[in-house]
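S.K.: Have a look at this one.
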Amino acid sequence: MIGIFDSGVGGLTVVRALEKLMPSLALVYFGDVARTPYGSKSKDTILRYSRQNTEFLLDQGAKLIIVGCNSAASVAGHLLAREYQVPVLEVITPAVDLAVASSQTGRIGVIGTRATIASGIYEEKMLERRSECRVISRSCPLLVPLVEEGWMGRKETKTIIRKYLHPLKMQSIDTLVLGCTHYPLLKDLISPRIGKGVKIIDSSIAVASVLQNYLENHPDFREKLQQNSEKQYFVSDMTDTVRSVARHIFARDIDFKIAKVTGL
Ligand code: DGL
């Protein structure tokens, strides 16, 4: 099975994207609700949590890990890929590849948490691939709590999104990367405010399609994965927010189990 972890419930947007593309894939999800958010934590702490989460998923039988959290991917993705014997995918590289390939003007916006934007990883990877790119990044720390409060339809949320996007709009970007697990849930509010002509890159969809390609190119590995549609959902703490965000993402109730993760 495939193992996915996130700092909380936002990574379920990655599960939803995987489920749409490959419904029979067996997977195990871990959301570190007890220690969320990661986006405001130090690199060392995020790395330590990411290792513990990876080990939990491997103990459950995961044969491939997806770092479903942009904040964790930005500081730990490359290290986990080096440290563990299984393939490790993360949400950032697929979104970068898609953004640089689809931008006409090379003016690309990126929004994410403080940790993700401070890491500079999106810009670094984009410039590696297309050196004339102009990358305009902005951290949007209020958006995760607004989603978790279920304030998606509120006028205050629309105002805050407009304020966050204003500097990106002024720079005439033609592509915008949603560099945080929660932002796909705000896509319908973000799109008209950044401008209809701006292409939105959703990192959850991007990583799902990279996994699909990976499995097509590695049939031996694909054979080893269960294809019985089994989905297991673990969290390190259970709250009303977990239930309501999950219901919003899947339009159904999800059966969560409490995980015993070393270090918690
Ligand atoms: N999952 C995080 C991310 O994608 C958002 C929530 C958090 O800050 O932990 O960056």
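S.K.: State whether the residues of the stretch 87-102 include one that is out of contact with any helix residue (DSSP H, G or I) (no Cβ under 9 Å at 6 or more places or on another chain), without any contact (Cβ under 8 Å) to a residue 24 or more places away in the chain and away from the ligand (no atom under 16 Å from the Cβ).
M.R.: First, pick out the residues of the stretch 87-102 that are out of contact with any helix residue (DSSP H, G or I) (no Cβ under 9 Å at 6 or more places or on another chain): 102.
Checking the rest, the ones that are also without any contact (Cβ under 8 Å) to a residue 24 or more places away in the chain come to none.
The answer is no; no qualifying residue exists.
S.K.: Quick check on this structure: which one of 12, 27, 21 is touching a helix residue (DSSP H, G or I) at 6+ places or on another chain (Cβ under 7 Å), farther than 25 Å from residue 121 by Cα and buried (at least 17 other Cβ atoms within 10 Å of the Cβ)?
M.R.: Working: 12 fails: farther than 25 Å from residue 121 by Cα; 21 fails: buried (at least 17 other Cβ atoms within 10 Å of the Cβ).
After applying the criteria, what remains is 27.
S.K.: For residues that are among the small types (Gly, Ala, Ser) and under 18 Å from residue 60 (Cβ atoms), scanning just the stretch 196-240, find the one that is modelled with the lowest pLDDT.
M.R.: 229
S.K.: Look through the stretch 166-197, keep the residues that are of a type in the set (D, E, K, R) and either without any contact (Cβ under 8 Å) to a residue 60 or more places away in the chain or farther than 15 Å from residue 106 by Cβ (or both), and return whichever of them is surrounded by the fewest Cβ atoms within 10 Å (Cβ to Cβ).
M.R.: Of the stretch 166-197, the ones of a type in the set (D, E, K, R) are 169, 174, 187-188, 193, 196.
Keeping just the survivors that are either without any contact (Cβ under 8 Å) to a residue 60 or more places away in the chain or farther than 15 Å from residue 106 by Cβ (or both) gives 169, 187-188, 193, 196.
On the way: 169: 16, 187: 12, 188: 10, 193: 18, 196: 6.
Of everything passing the filter in the stretch 166-197, 196 is surrounded by the fewest Cβ atoms within 10 Å (Cβ to Cβ).
S.K.: Let me ask something additional. Give the residue that is modelled with the lowest pLDDT, with candidates limited to residues of the stretch 129-156 that are assigned to a helix (DSSP H, G or I) and within 16 Å of the ligand (Cβ to nearest atom). Explain how you work it out, then say what you get.
M.R.: Taking the stretch 129-156 first, the residues assigned to a helix (DSSP H, G or I) are 129, 143-148, 155-156.
Then drop every residue that is not within 16 Å of the ligand (Cβ to nearest atom), which leaves 143-148.
On the way: 143: 97, 144: 95, 145: 93, 146: 95, 147: 93, 148: 89.
Within the stretch 129-156, the match that is modelled with the lowest pLDDT is 148.
S.K.: Another question, if that's okay. For the stretch 49-74, which positions are away from the ligand (no atom under 14 Å from the Cβ), outside any loop (DSSP other than H, G, I, E, B) and aliphatic (A, V, I, L, M)?
M.R.: Let us first name the residues in the stretch 49-74 that are away from the ligand (no atom under 14 Å from the Cβ), namely 51-52, 54-65.
Narrowing further to those that are outside any loop (DSSP other than H, G, I, E, B): 51-52, 54-59, 64-65.
Those that are away from the ligand (no atom under 14 Å from the Cβ), outside any loop (DSSP other than H, G, I, E, B) and aliphatic (A, V, I, L, M): 57, 58, 64, 65.
S.K.: A further question on this structure: Step by step: first the residues of the stretch 96-132, then only those that are closer than 11 Å to residue 74 by Cβ and among the polar types (S, T, N, Q), then the one that is surrounded by the fewest Cβ atoms within 10 Å (Cβ to Cβ). Which residue is that?
M.R.: The selected residue is 119.
S.K.: I'd like to check something: does the stretch 235-251 contain any residue that is away from the ligand (no atom under 16 Å from the Cβ), surrounded by fewer than 18 Cβ atoms within 10 Å (Cβ to Cβ), of a type in the set (A, V, I, L, M, F, W, C) and free of Cβ contacts under 8 Å to residues at least 24 places away in the same chain?
M.R.: Looking through the stretch 235-251, at least one residue is away from the ligand (no atom under 16 Å from the Cβ), surrounded by fewer than 18 Cβ atoms within 10 Å (Cβ to Cβ), of a type in the set (A, V, I, L, M, F, W, C) and free of Cβ contacts under 8 Å to residues at least 24 places away in the same chain.
S.K.: Give the residues of the stretch 13-41 that are of a type in the set (Phe, Trp, Tyr) and under 17 Å from residue 253 (Cα atoms), sorted by residue number.
M.R.: 29, 30
The rows are residues; the columns are (1) over 12 Å from the mean Cα position of the chain (by Cα); (2) free of Cβ contacts under 8 Å to residues at least 24 places away in the same chain; (3) more than 10 Å from the ligand (Cβ to nearest atom); (4) outside any loop (DSSP other than H, G, I, E, B).
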site: 10; (1), (2), (3), (4): no, no, no, no
site: 13; (1), (2), (3), (4): no, no, no, yes
site: 16; (1), (2), (3), (4): no, no, yes, yes
site: 25; (1), (2), (3), (4): yes, no, yes, no
site: 37; (1), (2), (3), (4): yes, no, no, no
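S.K.: Which condition number in (1) within 11 Å of the ligand (Cβ to nearest atom); (2) within 18 Å of residue 202 (Cα to Cα); (3) part of a helix (DSSP H, G or I) is the one that residue 46 fails?
M.R.: (2)
S.K.: What number goes with the only condition from (1) away from the ligand (no atom under 11 Å from the Cβ); (2) crowded, with 23+ Cβ neighbours inside 10 Å that residue 6 does not pass?
M.R.: The single condition residue 6 does not satisfy is (1).
The values are calculated or read from the model by the stated rules, or taken from the named source; none is laboratory data. Values in this document were obtained by computation on a predicted structure and should not be read as measured data. For neighbour counting, all protein chains shown are included, and Cβ atoms are generated from backbone atoms with ideal geometry for every residue, glycine included.
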